[in-house]
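The values are calculated or read from the model by the stated rules, or taken from the named source; none is laboratory data. Because the structure is predicted, anything quoted here is derived from the model rather than measured. Using ideal geometry, Cβ is built from the backbone for each residue, glycine included, and neighbour counts are taken over all protein chains shown. Accessible surface areas use protein heavy atoms only, side chains included; no ligands, DNA or RNA. Shrake-Rupley method; radii C 1.70, N 1.55, O 1.52, S 1.80 Å.
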Number of protein chains: 2
Amino acid sequence: MKDSDTKKISAAVVKRLPIYRRHLKDLMDAGIYRISSKELSLRMKTTSSQIRQDLNQFGTFGQQGYGYNVRYLYDEICGILGLKEKHNTIIIGTSATIRALISKHNLLGRESFPVVGVFDTNRINIGEKLDGYVINDLKDLKELLKETNVDIAIVELSKNEVKSVINELIENGIKEILNISDTDLRYSPDIHIENINLSDALLRLSFHSSARKREENI
Amino acid sequence: MKDSDTKKISAAVVKRLPIYRRHLKDLMDAGIYRISSKELSLRMKTTSSQIRQDLNQFGTFGQQGYGYNVRYLYDEICGILGLKEKHNTIIIGTSATIRALISKHNLLGRESFPVVGVFDTNRINIGEKLDGYVINDLKDLKELLKETNVDIAIVELSKNEVKSVINELIENGIKEILNISDTDLRYSPDIHIENINLSDALLRLSFHSSARKREENI
């Protein structure tokens, strides 16, 4: 991947990269060594030209008449996704959702995403442990940020707390934030916030459920 | 909302509706009774013409020179989102994420989203309770679907199980699915699947973290 190209990658392509990775992983697990862009596109419910277009932004991976080498492409996409580097990660909030995320997640806490700090605002939790990590008082966050380079923050706090904490993170140079709080935060384009909101997803489904029932009654 | 308009609402608008709802709720909680589209757009980091365009698809809500009545608009958007109807909901899988979702979620299990069945494939959990609901064997799903009209299914299963279960749901006429499993499923446009995937969100952040570090080193 050329350095100069970094900025041009669209959000839509970035969104598809983890999906490519997952499908390639499934193929590897199924013992499939090579795949045509046509076959891959059928699996991903997209078009082969979409796949070629996406991948061309990062280099040349397929060969005319051969298709893609599954393991090689998987490996390259892991590299593009930054999985061969370390991204120091902090966790702010120690609620059930975060606990579930940590226990379920096969990447967090491993090589690519070392957890360098866990914080909470709830006094009851401070000093306790979360999956082996001591839970610190959020007041001590500044100190950690001075000493340690933090790349990614995972945040789940109450609506009243979350905004000021995320502002503090941004002031301290953190640009990659996974927000699981029940609020939707938007910042300038150089700050990457992934808002994961289960309530919103449920509301979109209820919109569709409602529309469907209305149609069925016509 | 006109019945005939239902189909024309774009995914982008549907995505923004829950966000409007949340902002209007915050305004109500702050005791604000009316707001101009300009002020609302600043809060939502969007444009006032975007807001007007979105809302115009459902009716006329604002008044020139007055702006929006916050409570009225909130109420209307709740209606558009289907929150004044019942959407029978089933839960398949009883993992930590689903447990966190249920305990955190202030809509699930209430009037709009009554939980009419909880299922799992893991024998250890069957017969136990999840937030007061008895956990049933997934084998009994067919029977429930015969007796009860189900609108929304929330699913978190292992990669090996999830696809066949979702196929079964679709075969039985369920069209609204919230998939929290670590896999990404796509179907025809009349099936609404919300894939919530924390791993993918983390990978997008590591992509940006990696790109940023590369840029900073230039």
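Against chain B, whose longest principal axis is taken from its Cα atoms, helix B:70-80 shows a tilt of about 40°.
Pairs with C-alpha atoms separated by more than 31 Å, drawn from the list B:45/B:159; A:38/A:104; B:129/B:159; A:8/A:84; A:38/A:84, are B:45/B:159; A:38/A:104. Please report, to two decimal places, log10 I(q)/I(0) for segment A:41-107 at q = 0.15, 0.19, 0.25, 0.28 Å⁻¹ as given by the Debye formula with identical point scatterers on the Cα atoms and no solvent. So the normalised log intensities are -0.70, -0.87, -1.13, -1.31. When Rg and the Kirkwood Rh are both derived from Cα coordinates, the Rg/Rh ratio for segment A:94-217 amounts to 1.06.
Treating each Cα of the protein assembly as shown as one equal point scatterer and applying the Debye formula with no solvent, the log10 of I(q)/I(0) at q = 0.08, 0.09, 0.11 Å⁻¹ comes out as -0.50, -0.64, -0.99. At a Förster distance of 30 Å, what's the computed FRET efficiency of residue A:60 paired with residue A:12, Cβ-Cβ distance as r, to 0.05? Step by step, r from the Cβ atoms, then E = 0.90.
Okay, helix-only estimate at 222 nm for the protein assembly as shown: each DSSP H run of n ≥ 4 adds -39500 (n - 2.57), divide by all residues, round to 500 deg cm²/dmol; what do you get?
On the way: 16 runs with 190 residues, N = 436.
The per-residue figure over the protein assembly as shown is -13500 deg cm²/dmol.
Accessible surface of segment A:155-213, 1.4 Å probe: 45 percent of it comes from carbon and sulfur atoms.
Hey, what's segment B:18-137 come to in accessible area per residue, 1.4 Å probe, Å²?
On the way: 6070 Å² over 120 residues.
Roughly 51 Å² per residue, with all protein chains present.
With a 1.4 angstrom probe, the accessible area lost at the B-A interface totals about 6800 Å².
Note on residue A:71/residue A:110: beta-carbon distance plugged into 1/(1 + (r/R0)^6) with R0 of 22 Å gives a FRET efficiency of 0.65. For segment B:56-147, DSSP calls about 25 percent of its internal beta bridges antiparallel. At R0 = 41 Å, how high is the FRET efficiency between residue B:137 and residue A:163 if r is their beta carbon distance? Nearest 0.05 is fine. Plugging the Cβ-Cβ distance into 1/(1 + (r/R0)^6) gives 0.40.
How much of the accessible area of segment B:76-154, in percent, comes from carbon and sulfur atoms when a 1.4 Å probe is used? So the carbon and sulfur contribution to the accessible surface is 44 percent. Residues A:175, B:86, sorted by accessible area with the largest first, give B:86, A:175 [1.4 Å probe; ligands and nucleic acids excluded].
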